[in-house]
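Comments concern the structure below.
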Amino acid sequence: MAKVKASDIDFDNLGFDYFDLPYRFQATWKDGKWSEGELTQDNEVHINEGSTVLHYGQSDFEGMKAYRTKDGSVQLFRPDRNAARMQNSCERLLMPKFPTDKFVDAVKQVVKANEDSVPPYGSGGTLYVRPIMMGVGGNIGVHPADEYLFRIFAMPVGAYFKGGMTPTNFTTSEYDRAAHKGTGQSKVGGNYAASLLPGDQAHKAGYSDCIYLDPVEHKKIEEVGSANFFGITKDGKKFVTPKSPSILPSITKYSLLYLAEHELGLEVEEGDVYIDQLDRFSEAGACGTAAVISPVGAIEHNGNKHVFYSETEVGPVTQKLYDTLTGIQFGDVKGPEGWVVKVD
Ligand SMILES: *Cc1c(COP(=O)(O)O)cnc(C)c1O
């Protein structure tokens, strides 16, 4: 199949779709060590049918973006955090860790090799980078694989939630995405398999996605689909985000938490967000690399609909957080030391 050429890409109408760009990176773990790894043009993975990834979900992944700046250069946002989080996910699934320096270097190689597919500055698009790791080999038993593949591919993307920075509505789900001491804080494939049905139900009912409540009591907000939740209190002074062992620690969320405190002068709190106390908040948002910030217009729960700032307009604090974060990511605003890494 022919590779996608940059000249074939309609940068103004990108969704979140797979593209067969020319290059991806692959390294293999064999005999207790990682190979050097290299760029390859082959977009298919050839693995044994007994591979643990296929049967028992021994796989994890990351999601990050490369941003085109005004001067035409390309940069990454906190790639060391993605490397560290993937190492934590690997620890949970008994998979070998890929070292941070090699991870960042491999991401740079993939972005550089596909650089003409990084959407232009001002289009709102980015090059989404997807590192994945999986257990492979002919060992059908329920134990960790002896061999692993680490691969990084990339694709140009537009805004994740349709409509971008306009509020959308969400509904709570009766399902859980992860158990309290399960794999919720690891970015693993199985969590997503578990989220397909509840997500589909929410979409069919006309919502952007579903809200997962804590798996112990179903009283507190945990995640908004595959994004973290934050709320701004009614007095406009506090940034609040849930804390729980079954939440995936979003790099976007922790970046916003830092910016809320140090740039916007807000108080910040990681704590309980009870679904029956949403009156505390005047604004709410869902955040993650793919979604950036998606304002939450309203949440439907047990037949009650709670509207935050507005179902059609973005609140001022959410807007400010969005402008500050994306300003840093696209190189227009100077961020904290080390957040931005140039691809050169
Ligand atoms: C990846 C992910 C997020 C967002 O994390 P970022 O580092 O901000 O991209 C939030 N929730 C879940 C379940 C995720 O998998």
| message | Give me the one-decimal Kirkwood hydrodynamic radius in Å for segment 168-329, with the sum taken over alpha-carbon pairs. | response | 15.6 Å
| Net dipole in debye of segment 144-303 [+1 Lys, Arg Cβ; -1 Asp, Glu Cβ; about Cα centre; nearest 20] | 280 debye
| message | Compute a Gaussian network model of the chain, connecting alpha carbons closer than 10 Å, and tell me which residue from Gly122, Gly184, Gly199 fluctuates the most. | response | Gly122
| Subset of Lys237/Lys305; Lys112/Lys238; Lys187/Lys342; Lys220/Lys334; Lys238/Lys305; Lys253/Lys305 violating a 28 Å alpha-carbon distance limit | Lys112/Lys238; Lys220/Lys334
| Computed over the Cα atoms, what is the radius of gyration of the chain divided by 2.2 N^0.38 Å, N being its residue count? | 0.99
| request: Would you kindly work out the equivalent ellipsoid of segment 262-344 from its C-alpha gyration tensor and give its semi-axes, the square roots of five times the eigenvalues, largest first in whole Å? | output: 29, 14, 12
| Overall Cα dimensions of segment 58-100 - principal axes, largest extent first, Å | 43, 16, 11
| request: Evaluate 2.2 N^0.38 Å with N set to the residue count of segment 6-157, then give the Cα radius of gyration divided by it. | output: 1.08
| Quick one: Karplus J couplings for segment 70-77, per residue in order, coefficients 6.51, -1.76, 1.60, θ = phi - 60°, nearest Hz, x for Gly and Pro? | 4, 7, x, 7, 10, 9, 10, 10
| field | Candidates His301, His46, His180, ranked by Gaussian network fluctuation over the chain, Cα under 10 Å, top entry | value | His46
| task | Could you calculate the FRET efficiency of Thr40 with His180 from 1/(1 + (r/R0)^6), where r is the beta carbon distance between them and R0 is 41 Å, rounded to 0.05? | result | 0.55
| task | Take every Cα pair under 8 Å in the chain that's 6+ residues apart, average their separations, divide by the length, and report that relative contact order as a whole percent. | result | 19 percent
| task | Note down the magnitude of the dipole of segment 229-344 about its Cα centre, charges +1 on Lys and Arg C-beta and -1 on Asp and Glu C-beta and zero elsewhere, to the nearest 20 debye. | result | 80 debye
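Computing the accessible area with a 1.4 Å probe over protein heavy atoms, can you report the carbon and sulfur percentage for segment 1-157?
Exposed carbon and sulfur together represent 48 percent of the surface.
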| message | Accessible area per residue for the chain in Å², computed with a 1.4 Å probe and the full protein assembly in place, what is it? | response | 45 Å²
| query | Of the heavy-atom accessible surface of segment 168-329 (probe 1.4 angstrom), what whole percent is carbon and sulfur? | reply | 47 percent
| How many angstrom lie between the C-alpha centres of segment 1-64 and segment 201-243? | 31 Å
| Do the sum for the chain: with -39,500 (n - 2.57) for every DSSP H run of n ≥ 4, divided by all residues, what is the mean residue ellipticity at 222 nm, to the nearest 500 deg cm²/dmol? | -7000 deg cm²/dmol
| remark: Across Gly288, Gly141, Gly124, the residue with the highest GNM fluctuation in the chain (Cα network, 10 Å cutoff) is Gly141
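The values are calculated or read from the model by the stated rules, or taken from the named source; none is laboratory data. What you see is a predicted model, and the numbers here were worked out from it, not measured in a lab. Ideal geometry is used to build each Cβ from the backbone, glycine not excepted, and the neighbour counts take in all protein chains shown. Ligands, DNA and RNA are stripped out before the accessible areas are found, and what is left, the full protein with its side chains, is counted by its heavy atoms. Shrake-Rupley method; radii C 1.70, N 1.55, O 1.52, S 1.80 Å.
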